[in-house]
Amino acid sequence: MTYDLLDKIDSPKDLKKLNLDQLELLCSQLRDYMVRCCAVNPGHLGSSLGAVEIIVGLHYVFNSPKDKLVFDVGHQAYAHKILTGRREAFKGNRTREGISGFPQIAESPYDAFGTGHSSTSISAGLGLAQAAKMRGSDEKVAVLIGDGAMTGGLAYEGLNNAGASKTDILVILNDNNQSIDKNIGAMHEALLKLTTDQTYNKVKSHLWDFLGEGKLRHKVQNMTKNAKTNIVRATGGSIFEALGFRYFGPIDGNDIKAVVDTLGRLKDMKGPRLLHILTKKGKGFAPAEADPTTWHAPGRFNPETGERILGDRHADRYQDVFGQTLSDLAALDSKVVGVTPAMSTGCGMTVFEKAYPERFFDVGIEEEHAVTFSAGLAEGGMKPFCNIYSSFSQRAYDQIIHDVALQNLPVVLCFDRGGLVGEDGATHHGVFDLAAYRSIPNAIISAPRDEMELRNLMYTGLFTEGGPYIIRYPRGCGEGRAWKDTEFTKFEVGKGEKLRRGSGLAILALGPEACRAMEAATLLKEKGSGDPAVFDLRYLKPLDEEILKEAATYGRILTVEEGSLKGGLFGAITEYMASHDVLVRIHGLGVPDRFIRQDRQSSQRAECGLDAEGIAKAAEALLKLTV
């Protein structure tokens, strides 16, 4: 396909020169361009394909960047990036020197708000709208929320506040069959035409003015509202009306003419409005339409055939180890249940779901609810394993403290994607968990160094009283260690393992970094630059004090963790030595006090000195220092 229209769009101003028929062709070119770019440079494809007409319509009707457009979840905003001067840059989407896969304020004036996590848009949009009102600006604010983000509690907090505030804000619900059921027909279309018609709204306003503020006006308003609500209720819109929004729709969100027409009618209306739009996830690319879950983020693929190009894996993924192990534990204990906040595929819980559907709970994008729900299950006698991506667990910090730790309930919290996650970048790195949860009383924090360790830590968690019992492991593949169909081993909580004898330096590592530390020790030995001992602590809390006492005898300690250097393992070891009056030279390797850009995981680890070469370099430098 040629991009004769798309190649001429360098900003939304260029878009406004096109007629509606040209917009339809532009949407086709946008889709083809996204497919071909994502085929070689993977990203979140399915959701962005479905949102093309909505985004084209928004930029056609509104005047960004003066008018503020907020996207939620941000991975559906690819068309927005391409249309706002980043068409060529999109070829480097999610790469270190390229643009982010999510809207970022620092990246473009057209990115009104950064949205890497879900359900934030309505609250942010309301803040933008209120700020505009307070400044006396006539700018408009439109929020596009979808791809399951409406299941998040924060979205309803924003709706509740926005509806009560009567602020001028347009919320567009992109319903791609993941939140509200489809329900469209002649009655809905007639209602839409009526409620968005300018003459209708002028007559209605004049009528209310004529009736004044007396009882007659309120009686007529109630009669009208009740009649309309009975119709709206059939469309699923009554909840939004109850929250103070005027509800419109649903409309076909993949019909560019309907989108432009409707947005044009709603743009200048006052107060909180919600437009319900129905779209098809993966629209325009047959494989993505047929399997939207897989094509949410498919990796590399052939754009002509849709055949996915799967790289050779040197080992099983941690998420697959988790899923199978959870099923194995469920076979041992009928009280084992699995809880996930809408991440069953990503965390590997689909295996458990198929085997034990009655014990599987996907609670939607509700991390806070997932944790407190798990606490209730635990108090009720169940043994919940709650799997949350590490970065998203930050939302549930209060629940982990108040509902689990304070009540000392045996909830096993499995934090997938701990550490650096690669191309998703700063919004998704799970680097703050170790520091965040280490200070919580009753918390146990563990990190497996390989697949077998994850399996056995989960088994240990099944029998551990009190909690939370946190298991934190990285994104991607393990170390290649055999783990399937093996006997479980119950670990002693708070006990690590000495992996290598040595002299002059003790390397204390947590999680898979223990394997990198072993590689580093081998490099040093081969160079004749040192012969460090290596310890896998396994538990950040409680610490293995026997290991710490032995490590102190080496005179030099290097801590290694794929987490925030401030407050994590380095902080824990330093605090221990200081509180026990142990004089020892301690250096730490970890994620520095800055946000790490999107890149390959291996490159991010090298940037932080957390690969074998980086650890060896730090160890060699430390060995040269006097004790």
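The values are calculated or read from the model by the stated rules, or taken from the named source; none is laboratory data. The model shown is predicted, which means the values in this text are computed figures rather than measured ones. Reconstructed Cβ throughout: ideal geometry from the backbone, glycine too, with neighbour counts over all protein chains shown.
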Options Phe352, Phe360: the member that is crowded, with 21+ Cβ neighbours inside 10 Å and of a type in the set (A, V, I, L, M, F, W, C): Phe352
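Give the residues of the stretch 266-317 that are β-branched (Val, Ile, Thr), surrounded by fewer than 17 Cβ atoms within 10 Å (Cβ to Cβ) and in contact (Cβ under 8 Å) with a residue 24 or more places away in the chain, sorted by residue number. Quick ask: steps written out before the conclusion?
As a first pass, look at the stretch 266-317 and keep what is β-branched (Val, Ile, Thr): 277, 279, 293-294, 305, 309.
With surrounded by fewer than 17 Cβ atoms within 10 Å (Cβ to Cβ) added as a condition, the list becomes 293-294, 305, 309.
Listed by number, the list holds a single entry, Thr293.
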Residue count for the stretch 44-58, restricted to those that are out of contact with any Cys (no Cβ under 8 Å at 6 or more places or on another chain) and in contact (Cβ under 8 Å) with a residue 40 or more places away in the chain: 10
Any hit, the stretch 534-541, residues being of a type in the set (Phe, Trp, Tyr) and either out of contact with any Leu (no Cβ under 7 Å at 6 or more places or on another chain) or over 21 Å from Val591 (Cα atoms) (or both): yes
Conditions (1) more than 20 Å from Gly563 (Cβ to Cβ); (2) modelled with pLDDT of 95 or more; (3) surrounded by fewer than 17 Cβ atoms within 10 Å (Cβ to Cβ): number failed by Gly528: (2)
Unmet criterion (only one of (1) over 33 Å from the mean Cα position of the chain (by Cα); (2) part of a loop (DSSP other than H, G, I, E, B); (3) touching a residue at least 24 places away in the same chain (Cβ under 8 Å)) for Lys495: (1)
Residue in the stretch 166-178 that is farther than 22 Å from Lys68 by Cα, among the charged types (D, E, K, R) and at pLDDT below 95 present: no
Residues of the stretch 458-473 satisfying the condition of being closer than 20 Å to Gly346 by Cβ and among the aliphatic types (A, V, I, L, M): Met458, Ile470, Ile471
Qualifying positions in the stretch 60-98 - surrounded by fewer than 20 Cβ atoms within 10 Å (Cβ to Cβ), more than 30 Å from Asp261 (Cβ to Cβ) and not small (Gly, Ala, Ser): Glu88, Lys91, Thr95, Arg96, Glu97
Residue count for the stretch 354-397, restricted to those that are assigned to a helix (DSSP H, G or I), of a type outside the set (Ser, Thr, Tyr) and under 16 Å from Pro341 (Cα atoms): 15
Filter result (on the phi > 0 side of the Ramachandran plot and modelled with pLDDT under 95) within the stretch 481-506: Asp485
